[in-house]
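A quick write-up on the structure given underneath.
The values are calculated or read from the model by the stated rules, or taken from the named source; none is laboratory data. In this text the structure is predicted, and so the values were computed from the model without any measurement. Glycine also receives a Cβ, built like all others from the backbone with ideal geometry; neighbour counts cover every protein chain displayed.
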Amino acid sequence: MKLCKGDLLTRVLATGTFDLLHPGHLHYISESRKLGDELYVIVARESMIKHKPKPVIPENQRVTMVNSLNLVDKAVLGSETNIYEPIKNIKPDIIAIGYDQKFSSDSIEKNLEELGINAKVVRINKLSDCSLCSSGKIIDRILERYC
């Protein structure tokens, strides 16, 4: 796509832990990418993950893996103190959240508005027919087979 001076790009932001990359992650990233022209990804810091077990893969390795995906323009580590901090720097037009992320679209939009960030929140649908589309399920399968 050739852009002319003055053309505006739609910047999309996706967020997640991205431990043990799997087809569900690729679906989420691919569907997020379809929403705009640029895709930024925030990879969660281990210290900020409170709703599930800590990742197996170190955060620097997770961000490197996500950055290596052709669909991603730039992946960065999240903040260690405030999840909205990197969002202010990235300035997305759209924030894509996964089907299983525990955030409410309405509460995110309200928080963004309070911070002066004008971004639409879109929830990405689930990839159907994928038995190992979860890092937890992959770990469970490994434990089943080898322990």
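Laid out as a table, the results:
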{"item": "Every residue from segment 111-147 that is touching a helix residue (DSSP H, G or I) at 6+ places or on another chain (Cβ under 8 Å), among the small types (Gly, Ala, Ser) and touching a residue at least 24 places away in the same chain (Cβ under 8 Å)", "result": "Ala119, Ser134"}
{"item": "Residue that is more than 13 Å from the chain's Cα centre (by Cα) and without any contact (Cβ under 8 Å) to a residue 12 or more places away in the chain, where the choices are Glu85, Glu80", "result": "Glu85"}
{"item": "Among residues of segment 98-147, those that are over 16 Å from the mean Cα position of the chain (by Cα) and either among the hydroxyl-bearing types (Ser, Thr, Tyr) or part of a loop (DSSP other than H, G, I, E, B) (or both), counted", "result": "12"}
{"item": "Failed criterion for Thr81 (all others in (1) assigned to a loop (DSSP other than H, G, I, E, B); (2) out of contact with any Pro (no Cβ under 6 Å at 6 or more places or on another chain); (3) surrounded by 14 or more Cβ atoms within 10 Å (Cβ to Cβ) hold)", "result": "(3)"}
{"item": "Residue tally, condition modelled with pLDDT under 95 and among the aromatic types (Phe, Trp, Tyr), over segment 1-53", "result": "0"}
{"item": "Count - residues of segment 91-110 that are surrounded by 15 or more Cβ atoms within 10 Å (Cβ to Cβ), among the acidic types (Asp, Glu) and in contact (Cβ under 8 Å) with a residue 24 or more places away in the chain", "result": "1"}
{"item": "Residue count, segment 36-52 (criterion: surrounded by 20 or more Cβ atoms within 10 Å (Cβ to Cβ) and part of a loop (DSSP other than H, G, I, E, B))", "result": "1"}
{"item": "Selection status of Asn60, loosely packed, with under 12 Cβ neighbours inside 10 Å, under 22 Å from Leu9 (Cα atoms), of a type in the set (S, T, N, Q) and at pLDDT 90 or above", "result": "no"}
{"item": "Lone qualifier among Ile108, Ile87, Ile95, Ile57 - being of a type in the set (Val, Ile, Thr), farther than 12 Å from Tyr40 by Cβ and in contact with a helix residue (DSSP H, G or I) (Cβ under 8 Å, 6 or more places away or on another chain)", "result": "Ile57"}
{"item": "Any hit, segment 94-101, residues being more than 14 Å from Gly16 (Cβ to Cβ), touching a strand residue (DSSP E or B) at 6+ places or on another chain (Cβ under 6 Å) and at pLDDT 95 or above", "result": "yes"}
{"item": "Members of segment 65-111 found to be of a type in the set (Gly, Ala, Ser) and within 20 Å of Met48 (Cα to Cα), listed by number", "result": "Ala75, Gly78, Ser79, Ala96, Gly98, Ser104, Ser105, Ser107"}
{"item": "In segment 121-139, the residues that are touching a Ser or Thr at 6+ places or on another chain (Cβ under 9 Å) and not polar (S, T, N, Q)", "result": "Val121, Val122, Arg123, Ile124, Lys137"}
